[in-house]
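Below you'll find the structure I mean.
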Amino acid sequence: MRIIILMLALISFIEAQDLSFLIGMRSSKYGSIGVEYKDIGFIIENSIFIDDVNNQYIRTKAYHNFLITNWIHLTYTLFYGSRYNHDYFDYGGILETHIKSTGKTIQAKGTFLPFYDSNLGHKYSYSASLIFLPFSEVGIIGGIRNIPEYRIPEKRVFSGLVFDLPHLWLQPEISTPLRKNAKSVTRLTFNFIYKSTP
């Protein structure tokens with residue numbers, strides 16, 4: 001009960017300061033919480049569903065949104081992450097481009113992610129996708145990427161649903177590796193971000 005009261009008080013304080021409060025999940029594995037002021041935001045991610053505390057992974061992210069035109073949106077993110085036991089760390093940048101057609105019916109997204117992993121060395125990852133929103137707030141997405149869903153870059157195709165609501169973005173998806181005899185398997189993952197209004 002104390003935690004709920006503390007969370008409600010924190011949200012009230014954030015909204016009183018003209019800040020937006022964010023909560024989300026990435027790849028069904030990383031929970032996140034953060035704040036955003038105008039075009040700048042700060043997020044902390046932490047792995048979930050892992051029993052051993054030493055194997056938990058935590059990442060800090062700072063980002064800046066740029067609105068080039070009404071239909072071209074860029075986001076640049078810097079991040080640093082590490083396991084609790086410090087057996088590895090990673091850091092890098094994420095450049096995301098989001099292009100919307102008139103009426104938002106057809107959208108394209110592209111991501112470039114150069115990063116350094118203390119065990120894997122320097123890596124470069126990407127993602128390219130198309131989104132079709134025939135019902136304004138509900139649509140489908142499909143694309144290709146090698147951005148790590150967990151840690152190791154791996155070329156995969158993915159498709160899923162997109163729910164683009166005023167305060168909530170939700171994307172359940174299925175991804176499968178393109179390489180034959182890959183050790184990984186087809187995965188069903190959930191991604192979402194809830195953002196309060198200041």
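Okay, residues lined up against (1) in contact (Cβ under 8 Å) with a residue 12 or more places away in the chain; (2) among the aliphatic types (A, V, I, L, M); (3) in a strand (DSSP E or B); (4) loosely packed, with under 13 Cβ neighbours inside 10 Å:
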| residue | (1), (2), (3), (4) |
| --- | --- |
| N54 | yes, no, no, yes |
| H64 | yes, no, yes, no |
| L74 | yes, yes, yes, no |
| Y80 | yes, no, yes, no |
| Y91 | yes, no, yes, no |
| E96 | yes, no, yes, no |
| Q107 | yes, no, yes, no |
| F115 | yes, no, yes, no |
| S127 | yes, no, yes, no |
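Give me the residue from the range 114-144 that is touching a Gly at 6+ places or on another chain (Cβ under 8 Å) and of a type in the set (F, W, Y) and, out of that set, nearest to L161 (Cα to Cα).
F132
For the structure I just gave you, tell me whether N119 is assigned to a helix (DSSP H, G or I), within 21 Å of I152 (Cβ to Cβ) and not basic (K, R).
When the stated conditions are applied, N119 does not pass them.
How many residues does the range 1-44 hold that are crowded, with 16+ Cβ neighbours inside 10 Å, modelled with pLDDT of 90 or more and among the aliphatic types (A, V, I, L, M)?
Going through the range 1-44 one residue at a time, the tally reaches 5.
Could I ask something else about it? Exactly one of (1) at pLDDT below 95; (2) touching a strand residue (DSSP E or B) at 6+ places or on another chain (Cβ under 7 Å) is unmet by T69. Its number?
Of (1) at pLDDT below 95; (2) touching a strand residue (DSSP E or B) at 6+ places or on another chain (Cβ under 7 Å), only one is false for T69: (2).
Now for a separate question. For the range 61-109: of the residues being closer than 23 Å to V138 by Cβ and among the charged types (D, E, K, R), which is nearest to the chain's Cα centre (by Cα)?
Looking at residues that are closer than 23 Å to V138 by Cβ and among the charged types (D, E, K, R), I get E96.
Out of the residues in the range 129-143 that are without any contact (Cβ under 8 Å) to a residue 24 or more places away in the chain and surrounded by 13 or more Cβ atoms within 10 Å (Cβ to Cβ), which is nearest to Y57 (Cα to Cα)?
This residue is G142.
Next up: Looking at I48, I58, I40 in this structure, which one is farther than 25 Å from P153 by Cβ and within 16 Å of the chain's Cα centre (by Cα)?
Unique residue meeting the criteria: I40.
The values are calculated or read from the model by the stated rules, or taken from the named source; none is laboratory data. Just so it is clear, the structure is predicted and the values come from calculations on it, not from any experiment. Using ideal geometry, Cβ is built from the backbone for each residue, glycine included, and neighbour counts are taken over all protein chains shown.
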